[in-house]
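Beneath this line is the structure, given in structure tokens, with notes to follow.
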Amino acid sequence: MKLLFLTFVLVISGCSSTSLQSPISYSDSIEVIRTAAESAPNGVEGLYTLKIKAVGSQGPYFYLNTELDYRDQRAVTVALHPSTIEQFTAKYGTSPQDYFVDKSIRVEGQAKRVRINFISQGKKTEKYYYQTHIRVTDISQIEVINEST
């Protein structure tokens, strides 16, 4: 009888389907930051809708920011990997720096709290702050949804 019950349970559990869930959608920068901070040091997978107000670069990376000052505690930063920049330039014929300002985007990825250290004379200091980053490694993760809002 136990063997019959065990077989029944295994058959029933084998027939159940597992479906992939859609990523959670976020459109409020403060909610993105709060959720990423709560899950730190892990990140939060999601589909994020953000208005880009400023763009910056450091080395080969481009950063799309939801605030004019990237250090603003309300800012979410979309970090574009150099390979993404190459893909973008090939597709649109312009750099992300010229393209994204004042546009709303949808980006799929992981929002994660990142520690940013202050540097003085080429060395880390004891001072730091946090930013919330969404890293983009492929152009398919990001799309413009509104040209100007």
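Derivation of every value follows stated rules applied to the coordinates shown; laboratory data play no part. Not measured: the values here are computed from a predicted model. A quick note on method: Cβ atoms are made from the backbone with ideal geometry, for glycine too, and the neighbour counts reach across all protein chains shown.
Remarks
- Our estimate of slack between residue 24 and residue 124, defined as 0.36 nm per intervening residue step minus the Cα-Cα distance, is 32.4 nm.
- Each 10 Å bin from 0 upward holds the following percent of the Cα-Cα pairs of segment 47-120: 18, 54, 25, 3.
- A straight line joining the Cα centroids of segment 41-95 and segment 97-126 runs 7 Å.
- In this structure the amide hydrogen of residue 27, modeled in the peptide plane, comes within under 5 Å of the amide hydrogens of 49, none closer than 5 places in sequence on its chain.
- Note that segment 23-146 carries a Kirkwood radius of 14.7 Å, evaluated over its alpha carbons pair by pair.
- For segment 23-146: lysine pairs under 28 Å (alpha-carbon distance), excluding those fewer than 8 apart on one chain: 13
- Estimated inter-spin distance, residue 86 and residue 69, nm [label 7 Å along Cα→Cβ]: 3.7 nm
- Residue-by-residue Karplus 3J(HN,Hα) for segment 26-42, coefficients 6.51, -1.76, 1.60, Hz, glycine and proline x: 10, 10, 10, 4, 5, 5, 4, 5, 4, 5, 5, 5, 5, 8, 4, x, 7
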